[in-house]
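Down below is the structure, laid out as structure tokens.
Every read-out reported here was derived from the displayed coordinates using simple, explicitly stated rules and does not represent laboratory data. All values reported here derive from a predicted model rather than from experimental measurement. Note that we place each Cβ from the backbone using ideal geometry, even for glycine, and neighbour counts take in every protein chain shown.
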Amino acid sequence: MKEDFYDILGVSKNATEAEIKKAYRKKAIEYHPDKNPGDTSAEEKFKKAAEAYEVLSDPDKKARYDQFGHQAFEGGGFGGGGMNMDDIFSQFGDIFGGGGFGGFGGFGGGGRQRQVKGSNLRIRVKLTLEEIANGVEKKIKVKRKIQASGTTYKTCTTCNGSGQMTRITNTILGRMQTSTTCSTCGGAGQIIDHRPSDADGQGLKVSEETVSIKIPAGVEDGMQLKVTGKGNEAPGNGIAGDLLVAIEELDHPQLQREGDNLHYDLYISFSEAALGASREIDTVSGKVRIKIEEGVQSGKILRLRGKGIPSINGYGKGDLLVHVNVWTPKTLNKEQREFFERMAQDDHFKPNPDSKDKSFFEKVKDMFS
């Protein structure tokens with residue numbers, strides 16, 4: 001089982017943004033590769049801390065993680081090795097800014113060449129309720145920028161490949177050194193040397209690619225998954241951006257979703273309500289036949305356990321709630337009208353609810369119990 005992000009950083013779920021940042025900085029210093037050369041265990045802990053910080057430092061990702069756990073990011077190469085050292089250094093290098101830790105492989109501005117990351121791409125994937133219930137693998141055509149064949153790069157002569165420009169200023173407090181990103185290469189340390197005619201100014205071209213996206217069961221409308229490295233590529237030795245996949249849930253003709261539960265409106269006739277019946281209804285896993293007891297009342301809720309949507313956290317499945325509605329005929333012929341007129345005073349046709357016939361509010365309460 002994947003380790004809890006809060007446990008990795010050693011903070012509580014109520015930790016503030018500042019406390020999360022402080023905890024990550026402490027872990028990153030402790031397990032930094034430059035401080036633990038050749039120690040694969042320390043490097044793994046370093047990556048785990050960065051992965052935890054990536055989620056918990058982002059309010060939107062943190063909210064989704066608190067609600068759905070690790071499965072909120074499954075299907076997109078997130079975590080579990082999805083972040084490499086270049087991801088970490090390029091995204092979180094400023095976590096050490098001004099703290100005197102620049103000697104660690106370039107954290108905070110010293111020594112390490114900044115690696116440029118390509119831009120992210122966003123797509124929307126429409127899913128049926130059946131696909132959401134069972135999980136699905138989608139193959140999507142994506143147009144993304146890739147390095148054109150024949151493109152070559154050379155070391156930036158402005159920064160000599162460091163990606164940074166250093167300036168020394170004399171002040172009353174002494175000589176102060178500041179570093180800024182090289183304006184010529186954008187911090188990549190490389191500039192384009194040769195590009196083919198079909199490439200843009202950065203040596204990239206647009207290419208269509210089929211991307212396979214594994215979508216776990218139980219996702220919700222508006223949820224976003226990430227496919228690492230399937231966004232636009234970066235020039236030179238940069239790393240590719242990510243493909244962000246937004247989930248759109250399509251309406252079902254018979255079923256309504258409420259969290260992990262599903263609702264189904266079943267209409268039956270007076271005769272079926274009085275005599276009982278057997279009816280076939282739709283579920284996300286196919287059709288099932290249910291028995292309607294004789295004398296059933298309109299508003300009765302039949303609960304089919306485990307016939308709902310799987311929890312994205314893996315905690316079982318929701319239920320299918322079948323709402324029984326007795327259909328009252330809107331028009332009657334002479335014979336039918338005479339029958340109901342005769343039955344109007346019959347004791348069997350007069351309302352006589354007992355303790356088993358729950359009120360509307362009790363039924364609603366039962367739905368959420």
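Taking square-rooted eigenvalues a ≥ b ≥ c of the alpha carbon gyration tensor, is region 114-249 rounded, prolate or oblate, where a/c under 1.5 means rounded and, failing that, a/b exceeding b/c means prolate? Oblate is the answer for region 114-249, as a/c is 1.5 or above yet b/c matches or exceeds a/b. For the peptides 228-235, 124-131, residues were scored by their other Cβ atoms within 10 Å and the scores averaged per peptide; the highest-first order is 228-235, 124-131. The stretch between E19 and K287 holds 91.3 nm of extra length on full extension. This uses 0.36 nm per residue minus the Cα-Cα distance. Most tightly packed first, judged by the mean number of other beta-carbon atoms within 10 Å of their residues, the peptides 269-276, 219-226 read 219-226, 269-276.
Applying 0.36 nm per residue to the separation of K141 and V211 and subtracting their alpha-carbon distance, the gain on full extension is 24.6 nm.
Ranked by the mean number of other Cβ atoms within 10 Å per residue, highest first, peptides 328-336, 237-245, 311-319, 249-257 order as 237-245, 311-319, 249-257, 328-336. Inter-part distance, region 320-340 to region 233-307, computed on C-alpha centroids, equals 26 Å. Volume per residue for region 289-358 equals 136 cubic angstrom (convex hull of Cα atoms). For K35, the lysines whose Cα falls under 21 Å of its own Cα, not counting residues fewer than eight places away in the same chain, are K21, K22, K26, K27, K45, K47, K48.
Database remark: amide H of L204 closer than 5 angstrom to the amide H of A148 (H placed geometrically; neighbours at sequence offset of 5 or more, or on other chains; Pro and chain starts carry no H). With 27 Å as the limit, write out which pairs from K141/K205; K230/K307; K61/K205; K291/K317 have Cα-Cα distances beyond it, or answer none. Long pairs (Cα-Cα over 27 Å): K230/K307; K61/K205. Extension gain, R337 to D66, is 91.6 nm, computed as 0.36 nm per intervening residue step minus the present C-alpha separation. Percent of Cα pairs in region 219-269 per distance bin of 10 Å, from zero to the largest separation: 20, 28, 20, 16, 10, 4, 1, 0.
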